[in-house]
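The values are calculated or read from the model by the stated rules, or taken from the named source; none is laboratory data. No experiment lies behind these values; they were computed from the predicted model shown. Counting neighbours? That spans all protein chains shown, and the Cβs are built from the backbone with ideal geometry, glycine included.
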Amino acid sequence: MSISAFDPEVAEALQGELQRERHGLEMIPSENFVSSEVLEALGSVGTNKYSEGYPGGRYYGGCEFVDKIENLARDRAKKLFGVSHANVQPASGCAANIAVMFALLDPGDTLMGMSLSFGGHMTHGLSVNFSGRYYKSVQYTSDKNGYMDFDQMMAMAREHQPKLLIVGATAYPRIIDWHKAKEVADSCGAYLMADVSHIAGLIVSGDHPSPAGIADVITTTTHKTLRGPRGAMILCNGNASMPLKAVERSRENLPTLVDRAIIPGLQGGPHNHQTAAIAIALQEASCPEFIEYGHQIVKNAKTLAAALMEHGFELVTGGTDNHLMVVDLTNKNISGKEAQVCLEAAGITVNKNTVPFDTRKPFDPSGIRLGTPALTTRGMKEIEMKLIAGWIDRAIASANKADELVAIRREVKELTNQFPLYPELRYL
């Protein structure tokens, strides 16, 4: 029996979401479209099996085939990112980051991460998050132009002596200098954690430097630019073992510390259907086509940024090196929240976002964040980016003109019809 026959209410909602994705421009940089093969794995029989533990050492029987799936995912991750150990069980990026903290810190220890308001993530030490409540959090910011301020980071590290330095971002449009980050960590003897959730796919394609061999541990989601299912990985180097007793906190023992933090530390059974989908996405990322995909993401982002600036938009750092950009709308006399609403009415999905040293509140900030991964997945290139920049300009200028926003939405639909999304998929 199909979903539509058994539960038409859910089917209707799923069909609505499918139509929204098909006929809109998905420009939230943390979102992407997975392949049909990844979707198939997510709906597979892997979801039926409990498999607490790791391949070859499960708590339950009957894990022969899920062991094979997880080993494929781990081996592919290690090869793609050039590390000796990969844990593919974290349910999400937040879980991966928390696991690293659980592995390396005691409650009350000091960690240092980038402030959410300046482009960081809530798990990098936000006061209301687990990371900011159970540990002493020190937050670094950016300089006045929006660039990571390594001089400030160095001064703060020497003053506060954190045990863990987190470098990575959710709204930072420039290349991250991992070597400078390592210098900061070494100045106080801290572990360096690189959160590459947003740029993992660009690392694979060579469009962003890799922290492998520089950072002590790497965390990443498997969606976003990596174009896989919603999930996460923890990557590191060292010797892996699962002794019954706790092991010393050291760089050599990082694989064991990480694995024990996931289970029995924080999670139970992994989501085997998700692991299978991650394995497929990593296989896709190992293909030559993915390299070109990463290159095109960056080309599209640079083209979009330049076109927006030609329309008078002010971008944090004055452009982008990666897949995203943050637009400061102060000179357009509209808030980020208002812009998000009017752009959605025009068929363009972005998210409101703070800008460095924002004078507005986080829930109604001065900027918006937008990116090109999902548009690039659909096959759009530079010519479409220029067209989209024009629509964004028109929509912002017509925020209170419903008829104009509807007209833009029609034009958006005409464009998206040229780039079909899941043409064989239907829920109703």
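Among the residues of the range 77-86, are any farther than 30 Å from Lys352 by Cα, among the hydroxyl-bearing types (Ser, Thr, Tyr) and touching a residue at least 60 places away in the same chain (Cβ under 8 Å)? Yes. Applying the set (1) modelled with pLDDT of 95 or more; (2) within 26 Å of the chain's Cα centre (by Cα); (3) under 30 Å from Asp143 (Cα atoms) to Gly347 leaves exactly one unmet item: (3). No other residue among Leu126, Leu72, Leu111 is surrounded by 18 or more Cβ atoms within 10 Å (Cβ to Cβ), closer than 24 Å to Arg251 by Cβ and assigned by TED's automatic domain parsing to the domain that holds Trp178 apart from Leu111.
The criterion of at least 3 residues that are in contact (Cβ under 8 Å) with a residue 60 or more places away in the chain is met by the following strands (runs of 3 or more DSSP E) wholly inside the range 316-406: 324-328, 367-371. Within the range 39-61, which residues are part of a loop (DSSP other than H, G, I, E, B) and either of a type in the set (Ser, Thr, Tyr) or in contact (Cβ under 8 Å) with a residue 12 or more places away in the chain (or both)? Passing the criteria: Gly43, Ser44, Lys49, Tyr50, Ser51, Glu52, Pro55, Tyr59, Tyr60.
Within the range 3-32, restricting attention to residues that are under 17 Å from the mean Cα position of the chain (by Cα) and buried (at least 18 other Cβ atoms within 10 Å of the Cβ), which residue is nearest to Gly347 (Cα to Cα)?
Only one residue fits best here, namely Glu26.
Taken over the range 366-387, the criterion of being of a type outside the set (Gly, Ala, Ser) and surrounded by fewer than 24 Cβ atoms within 10 Å (Cβ to Cβ) is satisfied by Thr377, Arg378, Met380, Lys381, Glu382, Ile383, Glu384, Met385, Lys386, Leu387. Take the conditions (1) at pLDDT 95 or above; (2) at negative phi; Ser241 misses just one of them, which is (1). Within the range 145-163, the set of residues being part of a loop (DSSP other than H, G, I, E, B) and over 25 Å from the mean Cα position of the chain (by Cα) comprises just one member, Gln161.
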